[in-house]
1. Identify all residues within segment 97-136 that are under 18 Å from the mean Cα position of the chain (by Cα) and under 30 Å from residue 53 (Cα atoms); write none if there are none.
2. What are the pairs, 6+ residues apart or on separate chains, where a residue within segment 162-178 that is free of Cβ contacts under 8 Å to residues at least 60 places away in the same chain has its Cβ under 6 Å from a residue that is surrounded by 10 or more Cβ atoms within 10 Å (Cβ to Cβ) and assigned to a loop (DSSP other than H, G, I, E, B)?
3. Tell me which residues, restricted to segment 83-97, are surrounded by fewer than 19 Cβ atoms within 10 Å (Cβ to Cβ) and under 18 Å from residue 45 (Cβ atoms).
4. Of everything in segment 15-26, what is in contact (Cβ under 8 Å) with a residue 60 or more places away in the chain and either within 22 Å of the chain's Cα centre (by Cα) or surrounded by 14 or more Cβ atoms within 10 Å (Cβ to Cβ) (or both)? Give them in sequence order.
5. Of all residues in segment 62-82 being in contact with a strand residue (DSSP E or B) (Cβ under 6 Å, 6 or more places away or on another chain) and within 15 Å of residue 112 (Cβ to Cβ), which is surrounded by the most Cβ atoms within 10 Å (Cβ to Cβ)?
6. Can you tell me which residue in segment 30-57 is nearest to residue 76 (Cα to Cα), limited to those that are touching a strand residue (DSSP E or B) at 6+ places or on another chain (Cβ under 6 Å) and crowded, with 17+ Cβ neighbours inside 10 Å?
C-alpha cells in the first residue's frame, strides 16, 4: 500500500514540475490566482474609491453591496477579511490599488502581484517540486542487512474482550444512524387474518 502511495506522490510531483517548467516567463503567480485576479479586475474598475491617507496607503472602497470597506495596502488587509485570509488581493484591494496607480501615474511602482503572498509566486511553486520522489524498487533489488532479516515482528500483546466480536462500525460524531425497521409481530398478523375471515 505504501508503495502505491509513494508512486502517486511521485506522479503528482513530476506532473506539477512539468507544469512549472512549461509556464511562460511572463507569469508571476500560479494559474489559479492569476484567473481569480483576472475575474476581479473588471468588477474592481466599477467600484468607487476614496483616499483616506495616501501616505499610509489607506483607502475607503464603496462595495457593490453598499458597504464601505477600509483597505490597507501597506499591511495587506481589508475589512471584508478575504485579503487577510487568502493572502491575495480581494476586489476592494484591487480597486484601491487601481486608484493609487491612477493617482501616482508613471511614478507608481506598485503591481497587483506585489499584494500577493510569496507562496503564490511561480518561483515558489517551482521550488516546491525541485526534489525528485523516487518510486520504491522491486523487493528483489533491496539490500537488507543480515541482522534486520533475522528480526521478526510479533503481534502486540492484548487481552481478549468478553462477549461477541463487534461486526458493525459505530457511527462517528455527526453521522446519521440507520433506523431499525420495526418487525410486525405474528400475533398482529394472525389477528388481521382472523378479522378478514370473520367479516
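The values are calculated or read from the model by the stated rules, or taken from the named source; none is laboratory data. Given the structure is predicted, the values throughout are model-derived calculations rather than measurements. Quick reminder, even Gly has a Cβ in these numbers, built from the backbone with ideal geometry, and neighbours come from all protein chains shown.
1. 116, 117, 118, 119, 120, 121
2. Matching pairs, first to second residue: 177/171.
3. Listed by number, the list is empty, since nothing qualifies.
4. Of everything in segment 15-26, those that are in contact (Cβ under 8 Å) with a residue 60 or more places away in the chain and either within 22 Å of the chain's Cα centre (by Cα) or surrounded by 14 or more Cβ atoms within 10 Å (Cβ to Cβ) (or both) turn out to be 16, 17, 20, 23.
5. Per the stated criteria, the residue is 71.
6. 49
Conditions tested, residue by residue: (1) within 30 Å of residue 4 (Cα to Cα); (2) part of a loop (DSSP other than H, G, I, E, B); (3) in contact with a helix residue (DSSP H, G or I) (Cβ under 6 Å, 6 or more places away or on another chain); (4) free of Cβ contacts under 8 Å to residues at least 24 places away in the same chain.
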site	(1), (2), (3), (4)
39	no, no, no, yes
52	no, no, no, yes
61	no, no, yes, no
75	no, yes, no, yes
89	no, yes, yes, no
106	no, no, no, yes
113	no, no, no, no
133	yes, yes, yes, no
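Listed here are the residues, each with its yes/no results for (1) more than 30 Å from residue 16 (Cα to Cα); (2) outside any helix (DSSP H, G or I); (3) at pLDDT below 90.
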| residue | (1), (2), (3) |
| --- | --- |
| 136 | no, yes, yes |
| 144 | yes, yes, yes |
| 151 | yes, yes, no |
| 161 | yes, yes, yes |
